[in-house]
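The values are calculated or read from the model by the stated rules, or taken from the named source; none is laboratory data. Computed from a prediction, not measured in an experiment: that's the story for all the values here. Here the Cβ positions follow ideal geometry from the backbone for every residue, glycine too, while neighbour counts run over all protein chains shown.
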Protein chains: 4
Amino acid sequence: MSNGKENAYFSYDINDRERACFEIGIKLGALYHILCGLPISSNPIIIESIEKGIEASISCQPYVKSVKININRDKIQGNKTTEFEYDELSGISIAATVVLEFNSVEITAKVEWIEELKYPLMFIEKIRNKN
Amino acid sequence: MSNGKENAYFSYDINDRERACFEIGIKLGALYHILCGLPISSNPIIIESIEKGIEASISCQPYVKSVKININRDKIQGNKTTEFEYDELSGISIAATVVLEFNSVEITAKVEWIEELKYPLMFIEKIRNKN
Amino acid sequence: MSNGKENAYFSYDINDRERACFEIGIKLGALYHILCGLPISSNPIIIESIEKGIEASISCQPYVKSVKININRDKIQGNKTTEFEYDELSGISIAATVVLEFNSVEITAKVEWIEELKYPLMFIEKIRNKN
Amino acid sequence: MSNGKENAYFSYDINDRERACFEIGIKLGALYHILCGLPISSNPIIIESIEKGIEASISCQPYVKSVKININRDKIQGNKTTEFEYDELSGISIAATVVLEFNSVEITAKVEWIEELKYPLMFIEKIRNKN
């Protein structure tokens, strides 16, 4: 818990569910723009290191309970057979799940590529009151 | 408006206020991590160009009505008297306001350095139903 | 000019041409990773604002004489007809030219998408001694 | 090795030492701007995960032989006692060493905070011909 001084900056009529939605949006927006453009290859050890590194980073942000990044291995091209055969992370290959708690609200949200939308959609999968 | 297919990915029990909170969180998280680390100097023309450029970029994201970036000029050091006298954007110098509409909900949120927290706080300043 | 203290950190056997090559590589690496993932639309005013903003930022770095970013308008999709119709900058759409001077050496380097390599190549176009 | 087609884009008068200087500059510029702004805490497991993740990413880039990131643990504040007690990577805490080979040239370069310059200097530590 923080000491709560930050809450005074929020509009008085924001409830805990709304705050949880705001906070998890921040984390997905940050996570996505941190991942975008990262060099990567199809080597599973490389992919896993990148996943773990950015998970560790995002896990430091306020109210985060867990972060799981699942880079879409089928979309990563380049096995470093030549110097130029590697890839960069972008919307099509990024997938992640964040779980966050704000007061009694637990919320789970994801970013993943939605083929029918041709878009890396960020969406709230679940929200519940723990009490 | 989008065609609404994206809404099917959200938990059924998310209302428009909650969705607006989520969407504006995404924009602030993205905006902040895009700005962090950008080279900058105290030249007002440089500062304004950077502000306008990132405002234009974030304004492309879904549901955004307006973006205003106000880099804290008092915190930017370096007037390029020598090659190394310039600065990089970080939490202490970043301030921005985003206004977003989701269906009938209009929401305003900010990021700014809060001295008492020693933290670049993101917070919801106002949320209202337009109807 | 800087006061020159930084030069003491370099290996004694680096000449001015080599140093110019190093310095311009830094700028292209930074520029590319700053641009990657930026939201963008096909609106020419949006594109130009982003170009000017990042040009202004990179121009603050040591020894830079000029920066020209030329986002490949033919590769940017999304005119914001719906909320989700916009794009993100990536290697295929990024092109830029940096001119830098280190002591008497002037160097020009570029990043641009090379179709035969399927790669956003960074390369030195010209290097010359001004004297 | 790549197939060498990329070399045709370079000015004819760039020798292998100059090319190695250019290539390693690109890697340091990218690495630095990828690290800047990453959330981090003083937890050594978090720090090490971030180091390994970005090392893995940069190691995919052309001609890189090794990358070692050494985040300055003394400069990272925030042990997550409260939700807001964490830090963000910036020039003062970033240190890294890259080793790269281009043809017969092996080059080592670093980025680290230089207190007398108050600047995160990138410099070439060593360059040698392997033959």
(message) Can you tell me which residue is nearest to residue C:122 (Cα to Cα) among those in the range C:39-60 that are out of contact with any strand residue (DSSP E or B) (no Cβ under 7 Å at 6 or more places or on another chain) and in a loop (DSSP other than H, G, I, E, B)?
(response) C:42
(request) Quick one: residue B:107 ticks every box in (1) more than 7 Å from every other protein chain (Cβ to nearest Cβ); (2) surrounded by 18 or more Cβ atoms within 10 Å (Cβ to Cβ); (3) hydrophobic (A, V, I, L, M, F, W, C); (4) without any contact (Cβ under 8 Å) to a residue 12 or more places away in the chain except a single one, so which number is it? (result) (4)
(request) Taking the options D:63, D:9, name whichever one is within 11 Å of chain A (Cβ to nearest Cβ), among the aromatic types (Phe, Trp, Tyr) and either touching a helix residue (DSSP H, G or I) at 6+ places or on another chain (Cβ under 7 Å) or closer than 28 Å to residue C:98 by Cα (or both). (result) D:63
(request) Filter the range A:81-104 for residues that are more than 7 Å from every other protein chain (Cβ to nearest Cβ), free of Cβ contacts under 8 Å to residues at least 12 places away in the same chain and among the aromatic types (Phe, Trp, Tyr) and give the result. (result) none
(request) Go through the range A:113-124 and count every residue that is under 19 Å from residue C:82 (Cβ atoms) and assigned to a strand (DSSP E or B). (result) 7
(request) Would you mention how many residues in the range D:14-38 are in a loop (DSSP other than H, G, I, E, B) and within 7 Å of chain C (Cβ to nearest Cβ)? (result) 1
(request) Kindly provide the set of residues from the range C:66-104 that are touching a helix residue (DSSP H, G or I) at 6+ places or on another chain (Cβ under 8 Å) and either at positive phi or among the polar types (S, T, N, Q) (or both), ordered by number. (result) C:70, C:93, C:103, C:104
(message) Looking at the range C:21-38 only, could you name the residues that are over 19 Å from residue D:98 (Cβ atoms) and in contact with a strand residue (DSSP E or B) (Cβ under 6 Å, 6 or more places away or on another chain)?
(response) C:37
(message) Among the residues that make up the range D:47-54, is at least one of them among the small types (Gly, Ala, Ser), surrounded by fewer than 21 Cβ atoms within 10 Å (Cβ to Cβ) and more than 24 Å from residue B:39 (Cα to Cα)?
(response) no
(request) Could you list, in sequence order, all residues of the range A:49-80 that are under 19 Å from residue A:26 (Cα atoms) and free of Cβ contacts under 8 Å to residues at least 12 places away in the same chain? (result) A:53, A:56, A:59, A:60
(message) Can you find, within the range C:74-112, the residue that is farthest from the chain's Cα centre (by Cα) among those that are more than 22 Å from residue D:18 (Cα to Cα) and part of a strand (DSSP E or B)?
(response) C:87
(message) Please go through (1) among the aromatic types (Phe, Trp, Tyr); (2) touching a Ser or Thr at 6+ places or on another chain (Cβ under 9 Å); (3) at pLDDT 95 or above for residue C:84 and return the number of the only condition it doesn't satisfy.
(response) (3)
(message) Given (1) buried (at least 22 other Cβ atoms within 10 Å of the Cβ); (2) more than 24 Å from residue C:123 (Cα to Cα); (3) free of Cβ contacts under 8 Å to residues at least 24 places away in the same chain, identify the lone condition not met by residue C:4.
(response) (1)
(request) Out of the residues in the range A:113-131 that are over 15 Å from residue A:23 (Cβ atoms) and among the aliphatic types (A, V, I, L, M), state the one that is modelled with the lowest pLDDT. (result) A:117
(message) Just the residues that are crowded, with 18+ Cβ neighbours inside 10 Å and touching a Lys or Arg at 6+ places or on another chain (Cβ under 6 Å), please, taken from the range B:87-98.
(response) B:93, B:98
(request) Please give the number of the condition residue A:1 fails out of (1) at pLDDT 95 or above; (2) within 30 Å of residue B:106 (Cα to Cα); (3) assigned to a loop (DSSP other than H, G, I, E, B). (result) (1)
(request) Could you please find all residues in the range D:89-107 being within 11 Å of residue D:36 (Cα to Cα) and of a type in the set (Val, Ile, Thr)? (result) D:92, D:94
(request) Kindly establish whether residue C:18 is surrounded by 24 or more Cβ atoms within 10 Å (Cβ to Cβ) and in contact (Cβ under 8 Å) with a residue 24 or more places away in the chain. (result) no
(message) Condition first: more than 8 Å from chain C (Cβ to nearest Cβ) and surrounded by fewer than 19 Cβ atoms within 10 Å (Cβ to Cβ). Now tell me which residues in the range B:66-80 satisfy that.
(response) B:66, B:68, B:70, B:72, B:73, B:74, B:75, B:77, B:79
